[in-house]
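Input: a single structure, listed below in C-alpha cells.
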Amino acid sequence: MRKRILEGIAGFGLLAVLPACHTQEQAVTNDIYEVASQVQAASGEDSKITDPAGLPARSILIPQLQIDAQSVYNRMINYITPDEELAPKVVSQHLSVYIDYPAGGVSVNPQYGNNRAELAKLEEHLQPLLKSGNGAVTKIRITGYASPDGSTKENERLAGNRSIRFKTYLQKQYNLPDNGLVTVDWVGEDWNGLKELIAKSDKKYSGRVLAIFQLTDDPDNRRKQIKAMDNGTVYKDLEKTFFSRLRRMELVVETESQIAITDQILLIKQVYSQPEKASLTDFLRVASLYRPGTEQYREVYELAAYTYPSCAVVQLNAAAAALSQGDKESARYFFNQAGGDQRAFNNLGVLALMDGDRETATAYFRKFAAQNPRLSRENLKVIESE
C-alpha cells in the first residue's frame with residue numbers, strides 16, 4: 001500500500017490509502033470524497049468538492065455529533081453553583097471505647113481491667129480534635145451498650161448509669177462545659193451487635209443461634225433458648241468470645257470546619273493534602289481556578305464529592321465533570337449518589353445521548369425545560385439535527 005495526501009479540501013489535508021499497484025493518475029473513489037465532505041461539514045462550510053477530474057462531488061451535511069461528539073456533549077453539559085450556606089462543613093468521627101466494670105459497677109476506674117489502655121486510645125483521638133485550630137467541636141454524643149447477660153431490665157439500668165457516669169468523667173477529664181455539648185443515650189443489651197459478631201464468626205453453632213434470632217425478638221426468650229443449647233456450652237462460649245466486645249461506649253464527635261484561606265497556593269495544597277478539613281467553599285474556589293472540562297477541574301469536584309458524600313450539588317458537579325471527560329461510568333456513580341435530584345435532568349439527558357438512547361435523552365431535556373428553557377431547547381435541537 002502507498003499513501004497519498006489530498007490537499008485543499010476545506011483547508012484540511014486528507015490521508016488516502018491507495019493500492020500500490022495503481023498509478024498516481026488513478027481517480028480517487030467517491031468514498032474518499034464523502035469523508036472529505038464530512039470534514040468540510042465540521043468546519044461549517046458548504047462549498048462543493050470536486051475530484052481530480054473536475055467533476056463535482058455530492059455536497060453532504062453530516063451532523064456534528066458524528067464528527068466531534070465529545071465537544072458537542074461538552075457544550076450541552078451544565079454545572080451547578082452551590083449556595084454558600086452549604087459550608088462550613090460538619091465532620092463526624094466515630095470512636096469506640098471498651099470500658100471494664102466490676103459486677104454492678106457504673107463508675108469509670110482507669111485502674112480497672114484494660115481501662116488504662118482504652119482511655120489512652122480515646123485521648124489519642126479526642127485530644128487533637130479538641131485542640132485543633134482548624135475547627136470547633138460542636139457536639140459529642142455518647143451511646144452506652146451492654147452485653148445480653150443477666151436480665152434485660154438490669155442491663156438497661158447499667159447501660160444508662162454507665163453512660164451518664166462516663167459523660168461526667170469526660171467533662172472532668174477534658175474540661176468540657178455542661179451546656180449541651182455532650183449528650184448521652186444508651187441502647188441497653190446490644191443484640192444486634194451480637195448477631196453481627198456471630199454471623200462473621202466461624203463458630204459451628206452460628207446457624208442455630210441465628211435461627212433463634214429469627215424466631216423471636218424477645219430478649220429474655222432468646223437468652224433462655226440459647227442457654228438451653230448443648231447443655232449451656234454455647235451460651236458460655238458466647239460469654240467468653242463476644243460479650244466483652246459488646247460492653248462499650250460509642251462516641252460521635254462532630255467538628256465544624258472553620259478554614260478560610262485566601263492564598264490560592266495554600267488553598268490548593270489544603271484541598272489536595274487535607275480535603276477532610278476543607279470547606280465546600282474552599283473546593284469551589286479551587287475549582288474556579290481551572291477551566292471546565294480539564295482533568296484538574298474534574299479532580300477537584302471528585303475530591304469534593306468523596307469528602308461531601310451527602311451533598312447532592314457536588315455529586316452532580318462531579319458527574320458533569322466526568323461526562324466532560326467522556327467517563328460515563330463515573331458519571332453514573334455520582335448521579336446515583338445524588339439520589340434522583342431533579343437538577344440532574346439535563347446531564348442525565350447528555351448521558352443517555354452518549355449511550356445512544358435518543359428517546360430517553362429527549363425526555364430528560366424536556367423535563368429540564370422548567371429549570372433552564374434555553375439550554376433545554378438547544379440540546380433538543382442537537383437531537384433533532386441528527
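Quick look at the values:
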item: All positions within region 307-342 that are among the aromatic types (Phe, Trp, Tyr) and at pLDDT below 90; result: Tyr308
item: From Lys167, Lys172, residue being surrounded by 15 or more Cβ atoms within 10 Å (Cβ to Cβ), in the same structural domain as Ala136 (by TED's automatic domain parsing), of a type in the set (D, E, K, R) and modelled with pLDDT under 95; result: Lys167
item: Test result for Phe166, assigned to a helix (DSSP H, G or I), under 30 Å from Leu130 (Cα atoms) and in contact (Cβ under 8 Å) with a residue 24 or more places away in the chain; result: yes
item: Elements of type helices (runs of 4 or more DSSP H) in region 199-275, at least 2 residues being among the small types (Gly, Ala, Ser), modelled with pLDDT of 90 or more and surrounded by fewer than 15 Cβ atoms within 10 Å (Cβ to Cβ); result: 206-215
item: Helices (runs of 4 or more DSSP H) (entirely within region 280-340) containing at least 2 residues that are surrounded by fewer than 20 Cβ atoms within 10 Å (Cβ to Cβ); result: 280-287, 295-307, 328-338
item: Test: Thr138 is farther than 30 Å from Lys227 by Cβ and outside any helix (DSSP H, G or I); result: yes
item: Complete set of residues in region 161-200 that are closer than 13 Å to Glu250 by Cα and of a type in the set (Gly, Ala, Ser); result: Ser163, Gly188, Gly193
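Residues checked against (1) more than 29 Å from Asn221 (Cβ to Cβ); (2) without any contact (Cβ under 8 Å) to a residue 24 or more places away in the chain; (3) aliphatic (A, V, I, L, M):
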residue: His125; (1), (2), (3): yes, no, no
residue: Leu129; (1), (2), (3): yes, no, yes
residue: Arg141; (1), (2), (3): yes, no, no
residue: Gly144; (1), (2), (3): no, no, no
residue: Asn155; (1), (2), (3): no, no, no
residue: Tyr174; (1), (2), (3): yes, no, no
residue: Asp178; (1), (2), (3): yes, yes, no
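The values are calculated or read from the model by the stated rules, or taken from the named source; none is laboratory data. Bear in mind that the values here come from a model prediction, so they are computed numbers and not experimental data. Positions of Cβ are generated from backbone atoms using ideal geometry, with glycine treated the same way; all protein chains shown enter the neighbour counts.
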